[in-house]
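Okay, so here's the structure we're looking at.
The values are calculated or read from the model by the stated rules, or taken from the named source; none is laboratory data. Fair warning: this is a prediction, and the values are worked out from it, not measured in the lab. Note that each Cβ is placed from the backbone with ideal geometry, even for glycine, and that neighbours are counted across all protein chains shown.
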Amino acid sequence: MKSLNSLSADREEYRIAQLKKRVEEAKAARAAAVARKEMAEKRLAEVEAQIRAMGVEPDRVEEEIARLEREIAEKIQRVEELLRPFEELVARAGVPD
């Protein structure tokens, strides 16, 4: 039969082994997180390069999107204005759609 000191020592060794295991798991998790961060930073740099290639600074993308949306809306409105006289002529002439 093991002595009380021996059982206590076994329990402490077990706890130490568990702590070592947790430390290794934490190291592995940290390494994975660092790798994911590096990949994300690389992808961000690629996206920023693509945006710059389009002639826009990355920190101005939202402004550029808003500008393009306004421009599209203005062009749609202009097309509708240009079509209106022809649609009225067609309507007066009784030509079916």
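Restricting the first residue to the range 34-55 and requiring it to be under 28 Å from Arg67 (Cβ atoms) and surrounded by 10 or more Cβ atoms within 10 Å (Cβ to Cβ), which pairs with a second residue that is at pLDDT 95 or above and of a type in the set (D, E, K, R) meet a Cβ separation below 8 Å and a spacing of at least six or different chains?
Ile51/Glu57
For the range 61-97, how many residues meet the condition of being at pLDDT below 95 and exposed (fewer than 10 other Cβ atoms within 10 Å of the Cβ)?
Looking only at that region, the number is 8.
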